[in-house]
Amino acid sequence: MTKKYVYDFSEGNKDMRSLLGGKGANLAEMTCLGLSVPPGFTITTEACNRYYEENQSLWDELLDEINLHISSTEEKLNKRFSDEDNPLLFSVRSGAVFSMPGMMDTILNLGLNDKSVIGLAKSTENKRFAYDSYRRFIQMFADVAMEVPKVHFETALENMKEKRNVELDSDLNSEDLEELVGTFKNIYKEELNEEFPQDPLVQLKYAIEAVFRSWNNPRAEIYRKLHNIDSSLGTAVNVQSMVFGNMGDTSGTGVAFSRNPATGENKLFGEYLINAQGEDVVAGIRTPEHISTLHEIMPEVYDEFLSTANKLEHHYKDMQDLEFTIENGKLFILQTRSGKRTAQAALNVAVDLVKEGLITKEEAIMRIEPNSLNQLLHPTFDTEQLEKAEILSKGLAASPGAASGKIYFNAEDVVEASKKGEKTILVRQETSPEDIEGMISAQGILTARGGMTSHAAVVARGMGKCCVAGASEVMVDESQKIVRCKDVILKEGDTISLNGNNGTIYIGNIDKVDPALSGSFETFMSWVDEVRDMKVRTNADSPKDAAQAIKFGAEGIGLTRTEHMFFNEDRIPVVREMILSKTTEQRKNALEKIRPMQENDFYEIYKVMQERPVTIRLLDPPLHEFLPTEKKDIENLAKEMGLTYEEVNDTVRDLHEVNPMLGHRGCRLAVTYPEIYRMQARAIISAALKHQKEGLNIVPEIMIPLVGDVKELVYVKNEIIEEINLVFEENSSSLEYHIGTMIEVPRAALLADEIAKEADFFSFGTNDMTQMAFGFSRDDAGKFLGEYEEKKIYPRSPFETLDQKGVGKLMEIAVSEGKKSNDKLHLGICGEHGGEPSSIEFCYKLGLDYVSCSPYRVPIARLTVAQTTIKSKNENYGHIDK
Ligand code: PEP
Ligand code: MG
């Protein structure tokens, strides 16, 4: 049997996404639900892939199949595609498996030509409408299918309006539009050296090919990269019979969400335009009306739309994003899909749907993308500064958040400035998919035109980026690179602030503060914790970070990097004194000055963490990191320490290493200078004993970094234990403590069975382990890893996403070998990967007891663990329930 490449809408359903694309699958589902969907058919994603296999051409059998489906659509509507009196017209749209706003635009009114336009005028008794449709079609076809810059057509339209002395497109009459059609056809011929095609079948063939080609256009490629969409999926093409929103005052078109996509509020949200076609709403050329006003103009249509939106929401069990057209008072639904929403809306909708009994808690948990929580955790404007801030103007609150930055007027300038470390705001008349890279780099986006569903608004919400759209008082002059608003003029590089929650635009910078986490967030995260069966700790070096992490739900500290405590102004002189000591005695003296400060650090951290576990890592970096490098600083230091410049400079030179990350650092420091770790162990235990006296039961976890051999560990551990025993004796009391090691050096992973006999716990330091496994310097690899990503040698930086194949294998060996010799071995990860969703999933499968990550990633990690726990029930994971 030959393969089927074309499906009538009545032949598919919502579960056929991978074949029919999202749009096609949903059109099929709605057709089968009996909703009023204009008939049509979908050409599959497999056809797209075959188009590329066939050297980018459509093959005969496919064209035959398309013809059959044209016929069956003709029969349903009792109209013919090539009819000159009453023509059937089509819209042609791309439809990938995942919605991709950067891909091909729609072509409407396909099938019109010089003859059928006359027929259409007669059959509808509306000449103006017929020529309006034809001129739109020529422009769209030329722009979208043939890549003729649309500015030629826009200029011709503007000229015509000027000539007629009118302001709006809708003020042009049928003769004007007829004349415009002639002008447009001339432009087409001049640009392409061929006549505008009159044969509807040829038009359709070109349009289908253009959709297939658009799958690989640069915008689509950038979008796929950003959202990790597989480029082998291909796109489907939807060919649908036209209904017309531009037939007069009882016609119109719009887009609406079944709930508010910015807040999640359970209320219809959207906009429409009377006497317009779909692209007018999305392009933001005319400012649309709020959907609620449709209730007054066409109450029956409004009620029908509302009940359709509810029906679809119940059917799909999710908030829907709908496109509709009203043709002479009759409602048609052209698209439904799960609505893109802000993280706040996603949470509110998920929690509401559980309360409404539509979905389970577990389904709600699976619906939230862990990284999207980032949007909620990040700061909002400082209210005091906000009150004093000077308001420039107001636009639509298109995507929430708070952003400040220097204004730039095109995507390239934003990208350039961002590369230099500037915070930027992209300011545009209106955005288009070409702006995508600028939108990624900017802190926020401001547009003068466009509504809540304009390109800027939709894309910004998807990215979780603050956006104010349709600020109509703001005059954006992109060529002069200035903004005019009332009597204020801002130029490139001036700073503004945007409040994406209410659309306010401010002059100047406004500081940000941490958000309040309550309401749906709290409810949702409590469900997450009910489900989750792996712990989440945080990496925190100060009581402040620790407190923040607790607010975000951290269950302990997985890594305190003690060196970070040494880098402040008060301490660095004593640390330097310690490093520059010539004798052990001198070094001990200096350490004795540091000890009380360290003890206090630990005391304060324990106080914040209460009885939650706290893992403290002993000194790790190479010592030279603490020493000055500039001549002037060395001179100052020498003076402070009563040494000569030469003496200090010699030490600095001595400590210099060619390859410091593989040098004298980690436990190697303690092999040379055991007194450093002894001091730290004393501080850790003394602080815990102090709490013990005050009624708090702390069980310190002391972590030794960069171990490569069990003998190394034993040597350092014995020194520490000796010191701890002295502390116990001096205080006539004791407490429980654990000593463990980081697994960072590959050799330690391979010999984990030996090391585990001497360790209470392992914590995977996957930053160093990645560095050593790949042989990439973690400080320098950024310079060339981009090339590796681009050339798909390593698809993602292994410093961000755990390399499960290589580094993961070392971890697997360490876990199984370690557990073999010590079944009580406690396991965690504290490298950066502990906060990255796919790496967390891997750690879960390995059976680690916890992941540890920076405070702001704690909620992301909690959600990822919950999702992985749910998934593990259905898949065979090695994770053992604890
Ligand atoms: C690691 O190497 O993964 C780690 C957590 O330690 P650091 O980043 O401090 O070297
Ligand atoms: Mg490390």
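The values are calculated or read from the model by the stated rules, or taken from the named source; none is laboratory data. All figures in this text were calculated on a predicted structure; none of them were measured in a lab. Here Cβ is always computed from backbone atoms with ideal geometry, including for glycine, and neighbour counts include all displayed protein chains. Quick note on the areas: whole protein, heavy atoms, side chains included, nothing else; ligands and nucleic acids left out. Shrake-Rupley method; radii C 1.70, N 1.55, O 1.52, S 1.80 Å.
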Inset, instruction - Kindly check whether there is at least one residue in region 589-605 that is within 16 Å of ligand 1 (Cβ to nearest atom) and under 15 Å from Arg561 (Cα atoms). - result: no
Inset, instruction - Would you be able to say whether some residue in region 66-74 is under 35 Å from the mean Cα position of the chain (by Cα) and in contact (Cβ under 8 Å) with a residue 24 or more places away in the chain? - result: no
Legend entry - Which listed residue is out of contact with any Cys (no Cβ under 9 Å at 6 or more places or on another chain), of a type in the set (Lys, Arg), open to solvent by less than 40 Å² (accessible area, probe 1.4 Å) and modelled with pLDDT of 95 or more, from Lys711, Lys690, Lys717: Lys717
Legend entry - Which listed residue is of a type in the set (Asp, Glu) and assigned by TED's automatic domain parsing to the domain that holds Met769, from Glu647, Glu675: Glu675
Inset, instruction - State the number of residues belonging to region 817-835 that are open to solvent by 60 Å² or more (accessible area, probe 1.4 Å) and in contact (Cβ under 8 Å) with a residue 60 or more places away in the chain. - result: 5
Inset, instruction - May I ask you to verify whether Leu623 is under 47 Å from the mean Cα position of the chain (by Cα), among the aliphatic types (A, V, I, L, M) and within 16 Å of ligand 2 (Cβ to nearest atom)? - result: yes
Inset, instruction - Name the strands (runs of 3 or more DSSP E) wholly inside region 497-586 in which the number of residues that are among the aromatic types (Phe, Trp, Tyr) is 1 or more. - result: 504-507
Legend entry - Top-ranked residue of region 121-153 - restricted to ones that are polar (S, T, N, Q) and either within 38 Å of the chain's Cα centre (by Cα) or under 15 Å from Ala276 (Cα atoms) (or both), ranked as least open to solvent (accessible area, probe 1.4 Å): Ser133
Inset, instruction - Test Val513 against the stated conditions and say whether it is surrounded by fewer than 19 Cβ atoms within 10 Å (Cβ to Cβ) and either out of contact with any strand residue (DSSP E or B) (no Cβ under 9 Å at 6 or more places or on another chain) or aliphatic (A, V, I, L, M) (or both). - result: yes
Inset, instruction - Taking the options Gly765, Gly708, Gly740, name whichever one is of a type in the set (Gly, Ala, Ser) and out of contact with any strand residue (DSSP E or B) (no Cβ under 7 Å at 6 or more places or on another chain). - result: Gly708
Inset, instruction - State which residue is nearest to ligand 2 (Cβ to nearest atom) when the search covers only region 604-620 and only residues that are surrounded by 20 or more Cβ atoms within 10 Å (Cβ to Cβ) and assigned to a helix (DSSP H, G or I). - result: Ile605
Legend entry - Residue ID - surrounded by the most Cβ atoms within 10 Å (Cβ to Cβ), chosen from residues in region 751-780 that are of a type in the set (A, V, I, L, M) and out of contact with any helix residue (DSSP H, G or I) (no Cβ under 6 Å at 6 or more places or on another chain): Ala759
Inset, instruction - Select from region 154-210 the residues that are outside any helix (DSSP H, G or I) and modelled with pLDDT under 95 and write down the one among them that is least open to solvent (accessible area, probe 1.4 Å). - result: Leu172
Inset, instruction - Kindly list, by first and then second residue, each pair from a residue in region 731-755 that is of a type in the set (Asp, Glu) and modelled with pLDDT of 95 or more to a residue that is open to solvent by 10 Å² or more (accessible area, probe 1.4 Å) and away from ligand 1 (no atom under 16 Å from the Cβ), limited to pairs with Cβ atoms under 6 Å and residues at least 6 apart or on different chains. - result: Glu736/Val699; Asp753/Glu817; Asp753/Lys820; Asp753/Ser821; Glu754/Val710
Inset, instruction - Being touching a residue at least 60 places away in the same chain (Cβ under 8 Å) and either in contact with a strand residue (DSSP E or B) (Cβ under 6 Å, 6 or more places away or on another chain) or outside the structural domain of Pro855 (by TED's automatic domain parsing) (or both) narrows it down to one of Ile594, Ile616, Ile634, so name that one. - result: Ile616
Legend entry - Unique match (being of a type outside the set (A, V, I, L, M, F, W, C), at pLDDT 90 or above, in contact with a helix residue (DSSP H, G or I) (Cβ under 8 Å, 6 or more places away or on another chain) and surrounded by fewer than 16 Cβ atoms within 10 Å (Cβ to Cβ)) among Tyr673, Tyr645: Tyr645
